[in-house]
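Undergrad: I'd like to ask you about the structure that follows.
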């Protein structure tokens, strides 16, 4: 504890004296630590929920990864200053790494019922679980305006792979060699039935 004179009156309660002692220790902390505690990238991961509360993050999930939590805190200002707009919804979804497209009623084809929207979720390799959908809806509900209502949620799952193809081209001829006789005068084989080949084919 720093050697600081107490400013409390003699009749101060034990709770007040404990608070004074705790606050007196703040003077021993380096000034750089205060900047660290206000930085979403530098603050220790276990203190992120308190920084999120200070920054006004509405939709918070303790099951997010550390990277998602830091991104949500960094996006808090953009979400809060544009809250109730499509921009806030997109910022909030992008901050937690969700590939979701929000289509408002006037941007849909054909034009949909006024003040509605639909969500198009794209996942790669694996589908979306019920927990994932609940998180998406929670993020959207905290960032959207109150008059808009979701009318549809579409999930598209894509998979990637490699396709190999090959081809073979073969050119040749089939030759049958026969040894022995009979031969005609021009040297060709006598295969026209004029000679008895029975003995040569055994």
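Undergrad: Using the scaling law 2.2 N^0.38 Å as the reference, what is the normalised Cα Rg of the stretch 44-158? Each step should come with its number before you reach the end.
TA: Details: Rg = 14.5 Å, N = 115, 2.2 N^0.38 = 13.4 Å.
In units of the 2.2 N^0.38 Å rule of thumb, it is 1.09.
Undergrad: Can you list the residues of the stretch 69-84 with backbone N under 13 Å from a point 7 Å past the Cα of residue 104, pointing along Cα to Cβ?
TA: 83-84
Undergrad: I need the peptides 77-87, 158-168, 35-45 ranked by packing, meaning the mean over residues of other C-beta atoms within 10 angstrom, with the highest value on top. It would help to have the intermediate numbers written out before the result.
TA: On the way: 77-87: 15.7, 158-168: 5.0, 35-45: 12.6.
Answer by packing, highest mean first, reads 77-87, 35-45, 158-168.
Undergrad: While we're here: Going highest first, how would you order 54-61, 144-151 by mean Cβ packing within 10 Å? Present the calculation step by step, with values, prior to reporting the outcome.
TA: Details: 54-61: 16.0, 144-151: 13.2.
Ranked from most to least packed, the peptides come out as 54-61, 144-151.
Undergrad: Arranged from highest to lowest average of other beta-carbon atoms within 10 Å per residue, in what order do the peptides 16-22, 88-94, 131-137 appear?
TA: Details: 16-22: 12.3, 88-94: 21.7, 131-137: 14.7.
So the peptides 16-22, 88-94, 131-137, ranked by packing, come out 88-94, 131-137, 16-22.
Throughout, read-outs are computed from the coordinates displayed, never taken from laboratory work. Here the structure is a predicted model, which means the values were calculated and not measured. Every residue, glycine as well, gets a Cβ built from its backbone with ideal geometry; the counts of neighbours run over all protein chains shown.
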